[in-house]
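No value in this document is a laboratory result; all are computed from the given coordinates. Fair warning: this is a prediction, and the values are worked out from it, not measured in the lab. Cβ placement follows ideal geometry from the backbone for every residue including glycine, while neighbour counts extend to all protein chains displayed.
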Amino acid sequence: METEKNKGKILIIGAGGVATVAAHKCAQLPHIFKDIMIASRTITKCEAIKKDIKKRYGRDIKIAQIDADNVPDLIKLIEDFKPYLVLHLALPYQNLHIMEACVETGVHYIDTANYESPDNPHFEYAQQLAFHDRFKKRGIMALLGSGFDPGVTNVFVAYAQKHLFDEIHYLDILDCNAGSHGQPFATNFNPEINIREVTQVVRHWEEGKWIETPPIMDEKSIHFKFHYPEVGERESYLLYHEELESLVKHVKGLKRARFWMTFSENYLTHIRVLHNIGMTRIDEVEYEGARVVPVKFLKKLLPEPSSLGKNYKGKTVIGNIMTGIKDGKVITRYIYNVCDHEKAYIETGTQAIAYTTGVPAMIGAMMLFTNTWTGEGVFNMEQFDPDPFMEALNIYGLPWHIVEHEPLPEKF
Ligand code: NDP
């Protein structure tokens, strides 16, 4: 496909919370995103986004129904609409199918989460990186993980590496949601993906090795109280997160990399019970003649993440604490963003978790549309110049701060 000719056309796949925010942000920038199509499995969700965008900005966007696991249908949709780029904001199960369709049609690709196989909770970049030579040969780019974490957290590291440190030795990424949605139990992004992520065995990286520790609901899980800017102290749990995989590969001199996420006692109690009774299982169970995957059934019962915004109050605080060497001295810096659920709702009709993911997804697309980030093949976020992305975060709703900080302890 003659991609330069199609510049200005973006195809967003998925119509959940994250896609809603990205579509709004693209619609706010008609000089860059001239023609927007949103395609998803359930057309009524696309219609709702289209209606809201028309009401807020007076813009008409296109919509389509698609099963993104069906590669021939995807190819047809791409050939009909002829986008410059596909922004994949459906689920991690679709990554390989959408990448395949992009290679076939010669269209750039962006996602916000790495590939997961429905029957294997272990996730890694290997299968997506295996597309590198085919993307390169086609002269197109795949930008992996352009959300907040992964995404902005990778860019924060690249920025710190470029401007603040000669060498980064210790990296701690801390993700805090200090908001309250008023539901007894709900997840902030897709329930199935969220529950798969938080129930897995935890890994962090130390001196060249992955160290395994118990999952967050285990009584031996590793956690500590951290004082977050603007929201105060929150219990933060060691968790495996995918950006660790690419960062330990790309940051020279790194000795340790950890990821922490806050969980309330209420959330943990629900997860423990659901896990103990088998409702988080990802394998099929026979029930009255039907094959049922418990976590998929559970997803059906839980609130849609995109519906949580209305009553959400409070803030998210996500950022990196990094310790390393600058001009022969040991220094520690904390780079973070604070995002307000209520403000996110007023602007886009969704909560801050979707907002903090959808905004960087739009910025990633903007980096390609404006030829600011160029390359052929499959890339992680930290492989590009962080400056234009950091500048865009400040302009488009996710301003960041850099402060001095105490180094975090080695053990808790
Ligand atoms: P939602 O569940 O709200 O939305 C997912 C959307 O994808 C739904 O519209 C769903 O359709 C659609 N979809 C699912 N399967 C298919 C398919 N086969 N074909 C077409 N459409 C499909 O999820 P979120 O918006 O909360 O999350 C979206 C993505 O963002 C996830 O991959 C998540 O992991 C990622 N994420 C990344 C973060 C980051 O910081 N990097 C943070 C948060 C999320 P239907 O309505 O029919 O189910």
Revision key, fill the gap. Scanning the stretch 100-122 for residues that are crowded, with 22+ Cβ neighbours inside 10 Å, of a type outside the set (Gly, Ala, Ser) and in contact (Cβ under 8 Å) with a residue 60 or more places away in the chain gives 107, 108, 110, 112, 114, 116
Revision key, fill the gap. Within the stretch 302-335, residues in contact with a strand residue (DSSP E or B) (Cβ under 6 Å, 6 or more places away or on another chain), within 16 Å of the ligand (Cβ to nearest atom) and hydroxyl-bearing (Ser, Thr, Tyr) come out as 316
Revision key, fill the gap. Here the residues within the stretch 154-177 that are under 18 Å from the mean Cα position of the chain (by Cα) and not acidic (Asp, Glu) are 154, 155, 156, 157, 158, 173, 174, 176, 177
**Study point:** Per-region count, the stretch 336-366, residues of a type outside the set (Asp, Glu), touching a residue at least 24 places away in the same chain (Cβ under 8 Å) and more than 16 Å from the ligand (Cβ to nearest atom)
**Key:** 1
Exercise for review: Give the residue that is farthest from residue 348 (Cα to Cα), with candidates limited to residues of the stretch 315-330 that are surrounded by 17 or more Cβ atoms within 10 Å (Cβ to Cβ) and in contact with a helix residue (DSSP H, G or I) (Cβ under 9 Å, 6 or more places away or on another chain).
Suggested key: 324
